[in-house]
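A.B. asks: Mind having a look at this structure? Questions to follow.
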Amino acid sequence: MRTGSGNNKDENLDFKSITLERLEKDALGLKINDNDGYLRSYIALAKFFSGHKAIGADEFIQGSHMVYAWMPTILKKLETENLSPVLAALNSAKSGHILDISDLSLLKASINNSIVGASKLLHFANPALYPIWDSRVYKYITGGTSVYGLDKPERYLGYLHRLVEITESSDYKNIHDIVSIQLPYEVTKMRTIELIMFLVSGPADDK
């Protein structure tokens, strides 16, 4: 289920550079190592989040530290006091709502002031709807080397809407199958589209 459409999408970044044709070409060129520790850890994190019907304070704290194990940045700031609005936003996302800029900004502020960290938490809360957002993906979209603007919630929301549009296209199924058949576990379409961009872009310093 997906309800709500979010608002205030950032119009300054052209997400139309993410096309079915480009994704298919890049997917066909991928050779995924299914023994890669990063890829294998994904399913463990997914199981942790899917094992909870709702995200409480403990799950938020544990999950935040788990997703930051995927990042070169240490988790220095984590909201542990006023968690009610944070948990409300996360559980809204888990139930299928697209969060607006206000809620995304709230989540960003609660976890290291990072929309990248927030996106990873959101992805595991609802992997069918929320994509991971990081510097590799950003560079795939922009075609550049700068990550200026990466941490704007508006840009993450614009990215989310573009990926929803693509993954809901019947033409994306073939691209999804090209990637998913190489993985040792089932993944959502939202995961395969992000994984294509992540792997094609190569190493980067994820913010």
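The values are calculated or read from the model by the stated rules, or taken from the named source; none is laboratory data. Not measured: the values here are computed from a predicted model. Here Cβ is always computed from backbone atoms with ideal geometry, including for glycine, and neighbour counts include all displayed protein chains.
A.B. asks: Run S180 past the list (1) within 23 Å of E24 (Cβ to Cβ); (2) touching a residue at least 60 places away in the same chain (Cβ under 8 Å); (3) surrounded by fewer than 20 Cβ atoms within 10 Å (Cβ to Cβ); (4) more than 13 Å from the chain's Cα centre (by Cα) and report the number of the one that doesn't hold.
C.D. replies: With respect to (1) within 23 Å of E24 (Cβ to Cβ); (2) touching a residue at least 60 places away in the same chain (Cβ under 8 Å); (3) surrounded by fewer than 20 Cβ atoms within 10 Å (Cβ to Cβ); (4) more than 13 Å from the chain's Cα centre (by Cα), S180 is out only on (2).
A.B. asks: Criterion first (part of a loop (DSSP other than H, G, I, E, B) and touching a Gly at 6+ places or on another chain (Cβ under 8 Å)) does L129 satisfy it?
C.D. replies: Considered against the rule, which asks whether it is part of a loop (DSSP other than H, G, I, E, B) and touching a Gly at 6+ places or on another chain (Cβ under 8 Å), L129 comes out as yes.
A.B. asks: Please specify each residue of the range 127-155 satisfying the condition of being at pLDDT 95 or above and of a type in the set (F, W, Y).
C.D. replies: Y130, W133, Y138, Y140
A.B. asks: Can you tell me which residue in the range 79-105 is nearest to L150 (Cα to Cα), limited to those that are among the hydroxyl-bearing types (S, T, Y) and at pLDDT 95 or above? Steps first, answer last, please.
C.D. replies: Quick first cut of the range 79-105, residues among the hydroxyl-bearing types (S, T, Y) only: 80, 84, 92, 95, 102, 105.
Now narrow it down to the ones that are at pLDDT 95 or above: 84, 92, 95, 102, 105.
On the way: S84: 27, S92: 24, S95: 26, S102: 17, S105: 13 Å.
This residue is S105.
A.B. asks: Mind checking which residues of the range 158-177 are crowded, with 22+ Cβ neighbours inside 10 Å and of a type in the set (A, V, I, L, M)?
C.D. replies: Result: L160, L163, I175.
A.B. asks: Looking at the structure I just gave you, is L163 at pLDDT 95 or above, under 27 Å from I61 (Cα atoms) and either out of contact with any Asp or Glu (no Cβ under 9 Å at 6 or more places or on another chain) or of a type outside the set (D, E, K, R) (or both)?
C.D. replies: The answer is no for L163.
A.B. asks: Considering only the range 79-103, state which residues are among the charged types (D, E, K, R), out of contact with any Ser or Thr (no Cβ under 6 Å at 6 or more places or on another chain) and in a loop (DSSP other than H, G, I, E, B).
C.D. replies: E81, D100
A.B. asks: Further question: Consider K76 against the criteria (1) at pLDDT 90 or above; (2) under 30 Å from I181 (Cβ atoms); (3) not in a helix (DSSP H, G or I): it satisfies all of them except one. Which criterion is unmet?
C.D. replies: Unmet for K76, out of (1) at pLDDT 90 or above; (2) under 30 Å from I181 (Cβ atoms); (3) not in a helix (DSSP H, G or I): (2).
A.B. asks: May I pose another question? Looking only at the range 114-153, how many residues end up being aromatic (F, W, Y), in contact with a Leu (Cβ under 9 Å, 6 or more places away or on another chain) and surrounded by fewer than 24 Cβ atoms within 10 Å (Cβ to Cβ)?
C.D. replies: Of the residues in the range 114-153, 1 are aromatic (F, W, Y), in contact with a Leu (Cβ under 9 Å, 6 or more places away or on another chain) and surrounded by fewer than 24 Cβ atoms within 10 Å (Cβ to Cβ).
A.B. asks: Consider L122 carefully, then state whether it is touching a residue at least 24 places away in the same chain (Cβ under 8 Å), more than 13 Å from the chain's Cα centre (by Cα), within 19 Å of H65 (Cβ to Cβ) and not in a loop (DSSP other than H, G, I, E, B).
C.D. replies: Against the criterion (touching a residue at least 24 places away in the same chain (Cβ under 8 Å), more than 13 Å from the chain's Cα centre (by Cα), within 19 Å of H65 (Cβ to Cβ) and not in a loop (DSSP other than H, G, I, E, B)), L122 does not qualify.
A.B. asks: Spot the failing condition for K189; the list is (1) of a type outside the set (A, V, I, L, M, F, W, C); (2) surrounded by 18 or more Cβ atoms within 10 Å (Cβ to Cβ); (3) closer than 21 Å to S114 by Cα, and only one is missed.
C.D. replies: The one condition K189 does not meet is (3).
A.B. asks: Among the numbered conditions (1) surrounded by 14 or more Cβ atoms within 10 Å (Cβ to Cβ); (2) without any contact (Cβ under 8 Å) to a residue 60 or more places away in the chain; (3) within 18 Å of Y130 (Cβ to Cβ); (4) not hydrophobic (A, V, I, L, M, F, W, C), tell me where K53 comes up short.
C.D. replies: (1)
A.B. asks: Hey, could you check the range 72-113 for residues that are closer than 20 Å to D58 by Cα and of a type in the set (G, A, S) and say which is surrounded by the fewest Cβ atoms within 10 Å (Cβ to Cβ)?
C.D. replies: S84
A.B. asks: To continue, here is another question. Just one of M190, M197 is closer than 16 Å to N126 by Cα and modelled with pLDDT of 95 or more; which is it?
C.D. replies: Of M190, M197, the one residue that is closer than 16 Å to N126 by Cα and modelled with pLDDT of 95 or more is M190.
A.B. asks: For residues that are more than 18 Å from T192 (Cβ to Cβ), of a type outside the set (D, E, K, R) and assigned to a loop (DSSP other than H, G, I, E, B), scanning just the range 24-54, find the one that is modelled with the lowest pLDDT.
C.D. replies: Per the stated criteria, the residue is N35.
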